[in-house]
1. May I have the count of lysine pairs in region 124-219 with C-alpha atoms under 19 Å apart, counting pairs 8 or more residues apart or located on different chains?
2. Just flag the trypsin sites (Lys or Arg not before Pro) in region 1-64 sitting in loop per DSSP whose Cβ has no more than 11 other Cβ atoms within 10 Å.
3. How much FRET efficiency would the formula 1/(1 + (r/R0)^6) give for ASN187 and GLN80, where r is the Cβ-Cβ distance and R0 is 45 Å, rounded to 0.05?
4. Test of the criteria: in region 142-202, which trypsin sites (Lys or Arg not before Pro) are in a DSSP loop and have at most 16 other Cβ atoms within 10 angstrom of their Cβ?
5. Hey, what number do you get for the chain at 222 nm if only DSSP H runs of n ≥ 4 count, each worth -39500 (n - 2.57), divided across all residues, to the nearest 500?
6. Pairs of Cα atoms under 8 Å, at least six residues apart: use those to get the relative contact order of region 27-113, whole percent.
7. Semi-axes, largest first, in whole Å: what does sqrt of 5 times each Cα gyration tensor eigenvalue give for region 124-219?
8. Need the full-extension length gain, LEU92 to LYS213, defined as separation in residues times 0.36 nm minus the C-alpha distance. One decimal, nm.
Amino acid sequence: MKSKQFVVIGLGRFGSSVAKTLYQLGNEVMAIDNDEETVQSISDYVTHAVQADATDEATIRSLGIRNFDVAVVTIGSDIQSSVMVTLLLKELGIKYVIAKAHNELHAKVLYKIGADRVVFPERDMGVRVAHNLCSSNILDYIELSPDYNIMEIAAIEEWHNKSFRELDMRNKYGFNVMAIKRSNDINISPKADDVIRPGDILVVISETDNIRKFESDKLR
């Protein structure tokens with residue numbers, strides 16, 4: 001999967017987590033916030049960090065945001081600004097806009113004005129969202145700690161019809177496979193001779209660095 005261009009607007013804990021992770025995964029990331037100190041603190045962890053009022057249409061246009069693939073709106077408690085920015089981004093023609101909502105009503109409004117996806121500020125959700133945006137193979141991503149993560153991944157083609165013994169995932173990728181999901185069945189602690197089929201979903205636990213390397217080598 002080729003790298004994409006992302007713009008992240010609103011750099012609280014959630015937004016900063018999304019922006020940094022997307023950048024770590026090899027994407028071009030523009031991070032925008034109206035607070036100068038916040039912008040400076042993230043400048044070394046993204047491609048471009050800009051202090052700007054994202055509700056101002058002229059400012060947004062001048063930044064060339066309409067050329068980005070995905071916009072992530074993670075503005076804090078100002079629901080009105082969140083709605084205005086989301087609407088503006090869709091009007092500018094950004095194909096995919098994901099926005100953070102504070103409650104169900106806020107989510108309904110965001111969908112109504114064209115948001116393609118709405119998320120709620122769950123704890124440590126930023127990293128999950130970023131990985132999911134980068135690859136359609138990554139179905140879910142849970143950060144256990146800064147060093148270890150659980151990932152649900154759709155089996156890539158080169159794994160199809162091969163056993164775990166053949167693939168040797170622990171040595172090759174550093175993956176410990178916890179389970180295989182197949183249709184409505186779940187195989188807990190699969191054995192070495194179990195074979196991966198097209199459509200299988202693997203639940204793996206691994207070190208963060210191993211997952212990043214796998215995403216970079218196999219999912220781009």
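Coordinate-derived values only; no laboratory data. Fair warning: this is a prediction, and the values are worked out from it, not measured in the lab. All Cβ positions, glycine included, derive from the backbone under ideal geometry; neighbour counts span all protein chains shown.
1. Here the count comes out as 8.
2. Details: sites: LYS2, LYS4, ARG13, LYS20, ARG61; in loops: LYS2, LYS4.
Counting only loop positions with at most 11 other Cβ atoms within 10 Å, the trypsin sites (Lys or Arg not before Pro) in region 1-64 are LYS2.
3. So the FRET efficiency works out to roughly 0.40.
4. Here the trypsin sites (Lys or Arg not before Pro) that fit, given the DSSP loop and packing criteria, are LYS191.
5. That calculation yields -9500 deg cm²/dmol at 222 nm.
6. 22
7. Whole-Å semi-axes of the equivalent ellipsoid: 21, 14, 13.
8. The span from LEU92 to LYS213 would gain 40.1 nm if fully extended.
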